[in-house]
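So the structure is just underneath, and the comments pick up after that.
Where a number appears in this text, it was derived from the coordinates with a stated rule and is not lab data. Fair warning: this is a prediction, and the values are worked out from it, not measured in the lab. Note that we place each Cβ from the backbone using ideal geometry, even for glycine, and neighbour counts take in every protein chain shown.
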Amino acid sequence: MKCSFCERDAIINIRYNGTHLCKEHFNRFLERRVRLEFRNQLIIEKPIKIVVALSGGKDSSVALYLTKKILGKRRDVEVEAVTIDEGIGGYRNLTLEAAKKLTEQLKVKHEVVSFKDKFGITIDEISKNGQLLPCSYCGVFRRKSINDASIELDADYVVTGLNLDDSVQTVIMNMARGDLDRLERLGPHFKRKDGMIPRLQPLRKIPEREVLIYAIVNNIPFSHAECPYASDAIRNEFREAVDKWEERTPGTKFAILNSFDEIRNLLYSREDKKEIKRCKICGAPSAGEICKSCSMLMDLKV
Ligand code: Q46
Ligand code: ZN
Ligand code: ZN
């Protein structure tokens with residue numbers, strides 16, 4: 001199959017717009033949308049530092065690569081990367097290797113924060129002792145680690161690799177749970193609030209399949225390793241449902257995300273919001289007296 005715009009062979013077909021694209025046109029098509037996201041999400045009025053939360057998987061590796069490609073040449077933007085090492089044998093060591101390779105290639109400063117150093121316990125140890133599934137602790141500790149590291153690095157923004165598929169699943173899951181507070185907190189964030197570094201999501205409109213193909217055709221180092229604890233059955237059900245809707249009506253994922261963006265402003269203006277306090281132990285923003293991370297650490301008796 002030839003590219004819809006030139007004589008070269010196509011490497012991908014884009015169902016939602018009916019085109020076939022060669023590598024060059026695919027790169028242009030994807031990068032244009034990421035540039036637009038940066039333009040919509042980012043305000044640069046002074047020199048800023050952006051920290052990319054780099055796991056070493058395809059999404060965050062593409063996010064770092066494109067952040068550097070699109071913003072790295074600007075004098076008023078500094079780009080660094082942070083990887084969280086949760087202590088998951090047979091997985092994190094592999095993704096960490098990929099993350100190191102990419103940051104060296106891009107000449108980006110790279111910091112690694114380990115759960116062992118920060119919290120005194122790894123996810124492998126928690127999986128033996130914890131009351132909940134490892135992912136419950138992992139998500140809370142990771143968010144805190146990334147936010148704390150970004151504050152220490154004096155970052156203005158954190159970039160995450162969240163793609164279109166992740167975003168849509170998260171929106172639908174929170175709607176199905178009726179969790180408006182969490183819906184409201186979903187990124188991208190446009191300003192610093194209550195000690196939280198705003199999150200940029202430059203890939204939020206890029207389908208997962210396109211992120212993967214972009215990583216492969218541009219030889220971006222990333223790891224295919226999967227976490228041994230990954231078993232989010234509920235998310236998988238939502239993933240299957242959303243994929244089925246998209247299969248039947250291409251463009252559904254964009255439509256859901258665009259609808260969410262429209263109603264988001266209404267969520268911001270709600271009056272019955274919970275008051276944000278400060279955690280009595282670590283000082284982080286928290287819905288209760290003690291933040292989730294500190295209360296989990298107390299349960300684990302670390
Ligand atoms: S790393 Fe951590 Fe994930 Fe592994 S333990 Fe679960 S949350 S699955 S994205
Ligand atoms: Zn072409
Ligand atoms: Zn706390």
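Kirkwood hydrodynamic radius, computed over distinct alpha-carbon pairs, for the range 25-88: how many Å, to one decimal? Walk me through the intermediate numbers first.
Values: mean 1/r = 0.0778 Å⁻¹.
Evaluated on the range 25-88, it is 12.9 Å.
Close amide-amide hydrogen proximity is noted between residue 112 and 83, each under 5 Å apart and 5 or more residues distant or on a separate chain (H modeled in the peptide plane; Pro and chain starts excluded). Between residue 299 and residue 152, the contour length at 0.36 nm per residue exceeds the alpha carbon distance by 50.3 nm. For the chain, the longest principal axis of the Cα atoms and the long axis of helix 252-268 meet at an angle of about 40 degrees.
Which links in 46/280; 116/280; 58/277 stretch past 30 Å when you go from one Cα to the other?
Working: 46/280 33 Å; 116/280 22 Å; 58/277 36 Å.
Violating the 30 Å limit, Cα to Cα: 46/280; 58/277.
For residue 12, nonlocal amide neighbours, meaning residues 5 or more places apart or on other chains whose placed amide H falls under 5 Å from its own, are 21.
Taking trypsin sites (Lys or Arg not before Pro) as candidate sites, keep only those in a DSSP loop with at most 10 other Cβ atoms within 10 Å, then name the longest stretch of the chain containing none of them.
Working: sites that count: 73, 75, 107, 191, 270, 274, 301.
By the stated rule (loop sites, at most 10 other Cβ atoms within 10 Å), 108-190.
From its DSSP helices (H runs of at least four residues, each -39,500 (n - 2.57)), the chain gives a residue-normalised ellipticity at 222 nm of -15500 deg cm²/dmol.
P(r) for the range 1-110, from all Cα pairs and a bin width of 5 Å, is 2, 11, 17, 17, 15, 14, 12, 9, 2, 0 %, short bins first.
In the chain, the C-alpha radius of gyration followed by the widest Cα-Cα span (Dmax) gives 19.7, 64 angstrom.
Within the range 2-97, which GluC sites (Glu not before Pro) sit in a loop by DSSP and count at most 15 neighbouring Cβ atoms inside 10 Å?
Details: sites: 7, 24, 31, 37, 45, 78, 80, 86, 97; in loops: 7, 45, 86.
Passing both the DSSP loop test and the Cβ count: 7, 45.
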